[in-house]
1. Which value, in debye to the nearest 20, gives the size of the charge dipole of the chain about its Cα centre, when Lys and Arg are +1 and Asp and Glu are -1 at the Cβ?
2. Dipole of the chain (Lys/Arg Cβ +1, Asp/Glu Cβ -1, origin at the Cα centre): which of ALA535, VAL569, VAL245 lies farthest to the positive side?
3. Using the alpha-carbon atoms, what tilt in degrees (0 to 90, nearest 10) does helix 599-610 show relative to the longest principal axis of the chain?
4. If each DSSP helix of 4+ residues adds -39,500 (n - 2.57) and the sum is divided by the residues in the chain, what number results at 222 nm, nearest 500 deg cm²/dmol?
5. Stokes-Einstein D for the chain at 4 °C, 1.567 mPa s, Kirkwood Rh over Cα pairs, in µm²/s?
6. What Kirkwood hydrodynamic radius, in Å, does segment 15-70 give when the mean of 1/r is taken over all pairs of distinct Cα atoms and then inverted?
7. Once you list every other residue whose beta carbon is under 12 Å from the beta carbon of LEU591, what net charge do they have if Lys and Arg are +1 and Asp and Glu are -1?
8. Placing +1 at every Lys and Arg Cβ and -1 at every Asp and Glu Cβ, with all other atoms neutral, what dipole size does segment 15-70 have around its Cα centre, in debye to the nearest 20?
Amino acid sequence: MQDKTIEAAAPGTGQALRYKVAGMDCPSCVGKIETALRRLPGTSGVGLNHHSQILRLSLDEAATPRATVEATIRGLGFGVEPADTIHIADGDGVVTDAASGTEPRWWQTGRGRITILIALLVGGGYLLSLLAPAVSEVALMPAALFGLAVFGRRAVRLARSGSPFSIEMLMSVATLGALVIGEAEEAAVVVLLFAIGELLEGVAAGTARSGIRALSALVPQTALLIEGESARAVPVERLEVGQLVLVRPGDRVSADGVVEEGESDIDESPVTGESVPVAKTVGSPVFAGGINATGVLRVRVTRKASDNTIARIVQLVEEAQAAKSPTARWIERFSARYTPAVIAVSVLTVLVPPLAFGGDWHTWIYRGLALLLIGCPCALVLSTPAAIASGIAAGARRGLLIKGGAALEAIGKVRTIAFDKTGTLTLGQPRVTDIVPLDGNERTLLGLAATVENGSAHPLARAILERAAADGVPLRPARDRKAVPGRAVQAVVGGRLIEVGSPRHAVERGGAGSLPADLPADTVAAFEEEGKTVAVVLADGRPVGLLALRDEPRPDAARGIAALRGLGVRSVMLTGDNRRTGQAVARTLGLAVEAELLPEDKLRAIAGLKGQGTVAMIGDGINDGPALAAADVGIAMGGGTDVALETADAALLGNRVEGVADLVTLSRATLANIHQNVAFALGLKAVFLVTTLFGITDLWLAILADTGATILVTLNALRLLRRSGVSPVPAP
């Protein structure tokens, strides 16, 4: 999936541009670039995604030329090129491939070369000190001066661009101060550790990005395009909608499509997380990246490569990773005050003891400089987004699509999960089990019901139409079709108003407060006790027959509910079906139920549950939109991948009820990871703050406190990517 350089601009906002930015290793880099660009006249809508490395902005080139934007970014030490340009050289000389997303080896990057050079200067300085002790005091000065020149220049540019409290500025001031007080060795070690820390942060950031980028690599580069009786290999990017491709046993499916010929089992775990291969026959949908196990398939392409399911998942995940969670926003506000406060403490540390108590200037300047180096909040700022990004990527690789940090945090805090029934807890494939005519015969009754339901996408309507087709019952002409939400569907057939609705609707139409006398109540009750849904067919308000339908629970539904119960999460089913049918399904699965709910009733039920704690709603993404939106977290399942990708806050692409427990567990693991990161970042800085004031911490230990903490926080977050299974995590 390649990015286009220029997109359609919004009226009056200038030219919409997209760039690929290289060399970012933490969210602080994003803030530096965004701050600098927002200060340029004519720029608006500036947004930079740290994980995808894509910059978006609108630019009025009459106020600021495009070249100025690019020069500003390069001046800050980052690389920038239009998003569809292949080669990107960053501000330090790194070259990467923007189209493929590949990244160079660390020693090929500008930061790698700078680190190697500083290391050689430091090593050479120590060697010179051993060979010529007389010059030992200045032997390490070249390393310190070189590092100061590189990072100091970047610090000045950042300050001019609106970021005066950058780590580069703090480190440069500390290095210069160390040189002024004669601590050249300390200064050299500081710049070396800082360079190594930056390099390792970049490597760790690249590892985090590769977690979701691996999804794109699952789609093969070539496809076997069928032309007549032969097939030839073509790049997948050249496939067009409507073309036929050949998928042999062992091949990966090259495009989203529909099976035109053949039968096989396909492993779709890269998309859905479902480990069991799925049987495919003529008419079955397939996803790019799936692995064909047994038979030969001919697949009709339904989506181009740039719009296939995996490409859309990658795009949605990258957008989700860019969205800041509530914790991340709080930490950013905190860090904006933290760094100036530490700088103020550093200044007071330098001035107060010598001026007020006659302390030694050298000692207190040294301690003040060490405090400067622990004043950068990089590790703290990175603690939340690193964990959120890893959690979202880990979920996507298991068919759990989470569309933002706020949703990921909220899922782990839910105390109640409300489920829709049809298509969520059940397979969404009801079948007509019983036909009971009260006037006429079964074929006439089925024909009337199918005629009225023709054109509806509701699962019960599809079941009636499938039964009519299977029995060879023709559809009759109809007019004035209309749906009464939550109650019935009606149409005029043969001059009569035919309605297909629930027993509740029949009661309302009868006006007597109970089932019409000519409708066998005991038959309706018996069907409902068996967990069947009853549809009443009425002609001009009079019952003419019953249809009973049953939708079987998903095979993993009971296990999924039990897993949630083990996590301390209460489950409740909200259904528009009749009470007896709802209770029968609920007994089978082991959860509470509220039945006979209209759409507005579901909203009231969600509002009531929210009064007891955080609530998630699981629906099929088709007719549960209001309830999904009303819940704290809306999760789509069962409505098909297209719907799941576009609706709600999260989606279970594998349509597994057990995936809900997986989501809760992943969210709790991510929250725990965030808490660990924040505690580690703040705790380490607190320790070094105290040890520095008491003179225990050297300058090199102070810089290690920052860069080391940043690296460890990143590595801790990356542990989420390695979670192969889902084990229970206690509620926070």
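1. Dipole size: approximately 840 debye.
2. VAL569
3. 40 degrees
4. Working: 24 runs with 346 residues, N = 732.
Rounded to the nearest 500, it is -15500 deg cm²/dmol.
5. Working: Rh = 29.5 Å.
So the translational diffusion coefficient is about 44 µm²/s.
6. Values: mean 1/r = 0.0883 Å⁻¹.
Evaluated over segment 15-70, this radius sits at 11.3 Å.
7. On the way: positive: LYS421, ARG565, ARG570, ARG587; negative: GLU594.
Summing Lys/Arg as +1 and Asp/Glu as -1 gives +3.
8. Details: 7 positive and 5 negative charges, 12 e Å.
With Lys and Arg at +1 and Asp and Glu at -1, about 60 debye.
The values are calculated or read from the model by the stated rules, or taken from the named source; none is laboratory data. Everything numeric in this text was worked out from a predicted model, so none of it was measured. Glycine gets a Cβ as well: all are built from the backbone with ideal geometry, and neighbour counts include every protein chain shown. Heads up: the accessible areas ignore ligands, DNA and RNA and are worked out on the full protein's heavy atoms, side chains in. Shrake-Rupley method; radii C 1.70, N 1.55, O 1.52, S 1.80 Å.
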